[in-house]
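Read-outs: derived from the displayed coordinates by stated rules, not from any lab. All figures in this text were calculated on a predicted structure; none of them were measured in a lab. Cβ placement follows ideal geometry from the backbone for every residue including glycine, while neighbour counts extend to all protein chains displayed.
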Amino acid sequence: MLRSCAARLRTLGASRGGARGPGAARRSFASEEVVDKDCALPNPSWSKDLRLLFDQFMKKCEEGSWKRLPSYKRSSTQNFKDFRTHYVDPKLLKEEQMSEAQLFTRSFEDGLGFEYVMFCNDAEKRVVCFFQGGPRLQGVPGFTHGGAIASIIDATVGTCAFRAGGVVMTANLNINYKRPIPLCSVVVIDGQLDRVEGRKFFVSCSVRSVSEETLYSEATSLFIALDPNKKLT
Ligand SMILES: CCCCCCCC(=O)SCCNC(=O)CCNC(=O)[C@H](O)C(C)(C)COP(=O)(O)OP(=O)(O)OC[C@H]1O[C@@H](n2cnc3c(N)ncnc32)[C@H](O)[C@@H]1OP(=O)(O)O
């Protein structure tokens with residue numbers, strides 16, 4: 001698995017120019033130009049498994065029950081703009097640092113960190129994430145770091161809570177790591193909103209192999225929808 005991962009990265013190096021697709025919007029900030037491309041689409045670093053799952057679920061999207069969720073390095077949705085004005089103390093915001101701010105799970109070069117795509121089914125209150133962890137996410141040799149697994153779980157269950165409750169933050173995340181995830185392998189994270197109590201959104205998920213034979217991790221979480229009358233800090 002690791003060899004094919006390295007081979008994909010070599011071809012990726014040759015196709016570096018692909019990231020600057022003609023349709024992508026351009027935004028320059030700080031010292032480099034960042035292309036606001038939708039990162040939740042296939043790129044040369046995606047393995048066959050990840051592409052197959054993507055294609056399977058894109059077909060479900062055509063049937064109407066599922067929806068692919070686009071994903072960018074910087075969140076520009078109105079919800080997140082409100083977040084900054086409502087909840088963030090301007091004293092804490094150092095504009096020059098903010099101009100460098102990017103979504104952590106979208107801050108690696110293609111194929112090296114988090115390659116993933118999420119699909120949501122609002123009727124079933126589910127978010128499914130297909131995740132391929134790259135070589136920069138190594139924990140023990142040959143396996144994905146527990147913190148990287150927690151990050152992609154947080155993003156998946158957080159998206160599930162966000163779909164139901166708007167701007168939420170993680171109050172609690174409990175993960176049982178059952179089996180180590182081989183580096184560069186593809187896993188399926190299946191998030192389910194279990195219940196809502198006022199501003200509290202309880203979401204659980206499983207992390208399984210593509211074949212579903214291996215249960216890698218299970219998690220429960222609590223997200224809190226932010227109170228517009230309460231500052232965060
Ligand atoms: C679309 C992309 C989605 C991505 C999602 C990613 C989200 C993140 O990573 S956020 C970063 C990590 N999280 C944080 O930094 C949050 C830090 N914590 C906080 O800011 C606050 O504690 C916050 C906002 C969660 C809750 O604060 P606040 O709004 O004042 O709520 P608060 O009144 O304390 O609690 C509300 C309810 O939740 C309960 N609660 C709060 N925290 C916990 C907890 N850890 N465990 C159990 N219950 C809790 C309270 O007991 C209370 O319950 P009840 O209403 O029954 O009395």
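Can you tell me the order of 98-106, 65-73 when each peptide is scored by its average per-residue count of other Cβ atoms within 10 angstrom, highest first?
On the way: 98-106: 14.3, 65-73: 16.6.
Listed from highest to lowest mean packing, they are 65-73, 98-106.
In this model, which of Lys200/Lys231; Lys37/Lys67; Lys67/Lys125; Lys73/Lys200 are farther than 23 Å apart at the alpha-carbon?
Lys73/Lys200
May I ask which residue of Pro180, Gly111, Asn121 lies farthest towards the positive end of the charge dipole of region 101-182, with charges of +1 (Lys, Arg) and -1 (Asp, Glu) on Cβ and the Cα centre as origin?
Farthest towards the positive pole: Pro180.
Go ahead and run the numbers for FRET between Glu197 and Leu41, Cβ-Cβ distance against an R0 of 30 Å, rounding to 0.05.
Once the sixth-power term is evaluated, E becomes 0.25.
Averaged across orientations, what area in nm² does the convex hull of the alpha carbons in region 140-194 project?
Average of the hull's projected areas for region 140-194 equals 4.3 nm².
Can you give me the long-range amide H partners of Ser71? Hydrogens built in the peptide plane at 1.01 Å from N, cutoff under 5 Å, separation of 5 or more residues or another chain.
Those qualifying (amide H under 5 Å, at least 5 residues apart or on another chain) are Cys39, Ala40.
In which sequence would Ser217, Ser211 go, from the one with the fewest C-beta neighbours within 10 Å to the one with the most?
Ser211, Ser217
Hey, rough spin-label estimate for Cys61 and Glu212, points 7 angstrom out along Cα→Cβ, what's it come to in nanometres?
2.3 nm
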